[in-house]
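Only one structure is covered here, and it is reproduced in the block below.
No lab work stands behind these numbers, since they all come straight from the coordinates. Keep in mind it's a predicted model, so treat the numbers as computed, not measured. In this analysis, Cβ positions are derived from the backbone assuming ideal geometry, glycine residues included, and neighbour counts consider all displayed protein chains.
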Amino acid sequence: MKASLFAIIGLVIIAGCGQPAEQTSTPAKDTTAPVKEQKHYLSQPLVSHIYTADPSAHVFNGRIYIYPSHDTATGIPEDDLGSHFDMRDFHILSMDSVGGKVTDHGVALDIRHIPWAGRQLWAPDAAFANNTYFLYFPVKDKKDVFHIGVATSDKPEGPFTAEKTPIKGSYSIDPCVFRDEDGSYYMYFGGIWGGQLQRWNDNKYDSTKGNRKPQELAILPRMAKIGADMKSFSGPVQEVKILDEKGQPFHEKDNDKRFFEASWMFRYNGKYYFSYSTGDTHNICYAIGDSPYGPFTYKGIILNPVEGWTSHHSIIEKDGKWYLFYHDVQLSGKTYLRNVKVTELHFNADGSIRTVTAMKD
Ligand code: FUB
C-alpha cells in the first residue's frame with residue numbers, strides 16, 4: 001500500500017516537472033510505466049510523457065535544444081543486434097536553461113517521410129550552418145543496412161525535410177557533428193554489433209564480417225570532414241585513432257575502454273575531447289587530442305554505467321557551465337524505453353573530467 005502511494009506521488013511529481021508546453025503526442029503505452037523511488041538518482045527525467053534516449057544537445061539562439069531518439073514499444077523481441085530499438089520518429093526538446101521548463105516540439109521527422117528508410121531510426125545529431133538547421137540521423141535502408149541521412153529545416157525544432165538519399169559514403173550509426181573554431185564541420189560516427197561497423201572495412205561493406213575476437217585490435221570509430229553544403233562529405237571517411245597512455249591501440253578484450261558507439265566531440269581549453277560508449281561494459285569514456293582528426297589518448301570515464309544496457313551522452317557549455325546529457329531507464333525499467341537526463345559536468349585544473357555516477361547509492 002505504502003509502495004504504491006509512493007509510486008503515485010512519484011508519478012505526479014515527474015509529470016509536473018516535465019510538463020511540455022507543446023506536447024503533441026501522448027501514446028498511452030508510453031505513460032503507464034511504474035516510477036521507481038526517486039532518491040537513488042542523481043537527476044530526474046527531463047520529460048516523462050514519452051520515452052527519449054541518446055540526447056544530442058546544442059545551444060541555438062541562446063536556447064538548449066535536445067535531439068533525442070524517441071523510444072517506443074513496438075513488440076519487437078530483444079536481441080544482440082538491438083532490433084527492439086525500433087524507433088519511428090523524432091521529437092525535439094528545448095529549454096531556456098538547465099532546470100527550466102522543457103518543451104516537446106512534437107514530431108520533427110517521421111520515418112515514413114524518409115524516402116530511403118527501412119526501419120530503426122536511431123540516435124540523431126544536429127547542426128546550424130548556411131542559415132539552415134540540419135538533422136543527421138542513422139536509419140536502416142530497405143536492404144537492412146545502416147546509413148546516415150540528413151534533413152533540413154529553417155527552425156531548430158523542425159519540422160525537417162529529409163534528403164532523398166543517405167549521405168554518400170556514410171554508414172553505421174550515431175552521427176556526431178562538430179563545428180571547429182575555424183568554421184569547419186566534421187562528422188564522427190559508427191557503432192559495433194547492431195550498429196554494423198564490424199561489416200565495414202576500408203569503407204567497403206561485407207555482411208559476413210562478424211565482431212572482432214578478444215585478441216584482435218578493436219574496431220575504431222570513423223570521421224569525415226563535411227562539405228560546404230552540409231549534406232556530403234568533402235574528405236575521405238577515416239578511422240579515429242584512440243590510443244592508451246603508452247600510445248598503444250586497444251584490443252577487443254579491452255572492452256572497458258575500447259570504442260563501441262555513441263561518439264561525441266567538443267573543445268575545451270584548445271584540446272579536442274572525443275567521448276564514446278564502451279557498449280557491453282557500459283562506460284562513457286573520453287580521449288584527448290590536438291586535432292579533430294586525432295589521434296586521441298584515452299583519459300578515463302566520464303559516466304559510470306547507468307541503469308539499462310545502453311549508455312549515450314552529449315556535452316555542451318552554456319553560460320560558463322558544462323553539462324552532461326545522458327539517459328537511463330528510470331521510468332520504465334526496460335532497456336529499450338529510456339529517458340533523457342542532464343547533470344553538471346566538472347573539469348579538474350589539468351583538463352581531466354570528474355567522473356559522474358548517475359545512481360546516488
Ligand atoms: O538508440 C539506439 C542505439 O542505442 C543508439 O544508436 C546507441 O547509441 C544506443 O544508445
Practice item. Give a residue-ordered list of calculated ³J(HN,Hα) values for segment 206-215 (Karplus: 6.51 cos²θ - 1.76 cosθ + 1.60, θ = phi - 60°; whole Hz; x for Gly, Pro). Key: 9, 5, 8, 6, x, 5, 5, 7, x, 7
Exercise for review: Mind listing the long-range amide H neighbours of Lys299? Cut-off is under 5 Å, sequence gap 5 or more, other chains count too, H placed in the peptide plane at 1.01 Å from N.
Suggested key: Tyr286, Ala287, Ile288
Review point. What's the FRET efficiency of Lys155 with Lys321 using the Cβ-Cβ distance as r and R₀ = 45 Å, to the nearest 0.05?
Key: 0.95
Point to revise | Nitroxide proxy distance, nm - points 7 Å out along Cα→Cβ at His251 and Asp96 | key: 5.6
Study note, to complete from the structure: In whole Hz, the Karplus estimates of ³J(HN,Hα) for segment 179-186 (6.51, -1.76, 1.60; θ = phi - 60°; x where Gly or Pro) are 9, 7, 5, 7, x, 6, 10, 10
Review point. Where does each of 237-243, 259-265, 329-335, 93-99 land if you order them by average Cβ count within 10 Å, highest first?
Key: 259-265, 329-335, 237-243, 93-99
Revision key, fill the gap. Taking the alpha-carbon centre of each part, the distance from segment 318-333 to segment 187-256 in Å is 26
Revision key, fill the gap. Here segment 65-76 yields Karplus 3J(HN,Hα) values (6.51, -1.76, 1.60; θ = phi - 60°; whole Hz; Gly and Pro given as x) of 10, 10, 9, x, 6, 10, 6, 9, 8, 10, x, 6
Point to revise | Relative contact order (%) - criterion: Cα under 8 Å, at least six apart; region: the chain | key: 15
Practice item. Based on a Kirkwood Rh over C-alpha pairs, give the Stokes-Einstein translational diffusion coefficient of the chain at 37 °C and viscosity 0.692 mPa s in µm²/s. Key: 161
Study note, to complete from the structure: Pairs over 24 Å Cα to Cα, from Lys246/Lys341; Lys213/Lys241; Lys140/Lys231; Lys164/Lys204; Lys142/Lys168; Lys241/Lys271, come to Lys246/Lys341
Study note, to complete from the structure: So the pair-distance distribution of segment 240-311, from every Cα-Cα distance in 10 Å bins, comes to percents of 23, 54, 21, 2
Point to revise | Placed amide H near Met87: partners under 5 Å, 5+ positions off or other chain | key: Gln120, Leu121
